[in-house]
Every structure is written in C-alpha cells, then in structure tokens.
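The values are calculated or read from the model by the stated rules, or taken from the named source; none is laboratory data. Because the structure is predicted, anything quoted here is derived from the model rather than measured. Neighbour counts run over all protein chains shown; Cβ positions are idealised from the backbone, glycine included.
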C-alpha cells in the first residue's frame, strides 16, 4: 500500500510541475492557485483509489460470501423470508452447510414455495438453522466428527466414507469457503430436521 501512496504522491508532484510549465500561459489564475487546484484534484483521486482498495480487502460475512458465489440465490431468499440474514451477518462464528440452488430444486414440487410463505416462517427458520453449527468447523475437523449439534437444536449425522463426507446424507461438494464470521461447506441436498 505504501508503494501505491508513494507512486500517487510522485504523480501529484509531476502533474503539478507539468501543469505549471505547460498550462500557466493559458489562464488568468496565479501559478500558486493552479498548483493548489491540481494538488487537490490529485488528492481526491488518491483518496478515492485508496478507499476502493480497502473496500475490496474487507472480508465478506457468510451471507455476502454466499450471495457473491452466485449459486445460493434460493438460500439467500429463504434466509430473508425467515428473517435470518441479520443473524448470519452477525459476529458468529458459524459453520453453514449451504445447499445450492440445485439442492433446493430437488425438493418436492411446491415445497419451497410453501416454505417461503409468511405463515411458514417458523418452520423455514427451523430448517435453515438445521444447516448451521455454532463455531468455525473447518473440513479437517468435520471429518473427525460423527455428528454436530446445529443451531436448531438437533444434531446432524456426519459420515466419512471413501474420502467423501456426507451430512445427513447430503454430499459435501466444496469445503472451507472462508467468511469473516465463519465458514461455508457446500452440500448438494437440503437437509431436514427429524
């Protein structure tokens, strides 16, 4: 970052010199005023670039990470319908076994639509929190478990066989997607509490 700042400072100085040498003949402003104007413009540009760099460096929470991935639109809609977005944007840490859009598409016809209705908010919240474990449980730790207690209150069964991991029968297809407040493991099926 210091290299960027030094480079920008040099650019401001060079722009200032160039402006004073080439452009001062074509204006009624004093060279000092022109120099000040150029420096202020360059400062605004440097600060804008600097804030963009820092904004991109900020890690995303679980919800923003899932949304950015592009394959969790249905999960994001369900979290919104169940009023769980703020919870999963909270401090955590959380481990989320996140079903993809394709996983939701496997549900029997009409199930998802029914769950998204306001009158089924509590049931939907129960299903979604069944996909969440308190704490940050990385894949290297998941494979050592036979079960994990979910935020919903029940435990999911974890099976490791032939190098593959399942959670309540759902295949884990991607692991350790890091977020600022936890980790996401992708699953290919929506798991339902018993």
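If residue 165 passes every condition in (1) modelled with pLDDT under 95; (2) assigned by TED's automatic domain parsing to the domain that holds residue 66 but one, which one does it miss?
Residue 165 satisfies every listed condition except (1).
Select from region 100-157 the residues that are under 11 Å from residue 193 (Cα atoms), under 24 Å from the mean Cα position of the chain (by Cα) and not in a helix (DSSP H, G or I) and list them in ascending order.
Those that are under 11 Å from residue 193 (Cα atoms), under 24 Å from the mean Cα position of the chain (by Cα) and not in a helix (DSSP H, G or I): 130, 131, 150, 152.
Please work out if residue 132 is in contact with a helix residue (DSSP H, G or I) (Cβ under 8 Å, 6 or more places away or on another chain) and in contact (Cβ under 8 Å) with a residue 40 or more places away in the chain. Explain how you work it out, then say what you get.
Details: in contact with a helix residue (DSSP H, G or I) (Cβ under 8 Å, 6 or more places away or on another chain): yes; in contact (Cβ under 8 Å) with a residue 40 or more places away in the chain: yes.
Yes: the conditions hold for residue 132.
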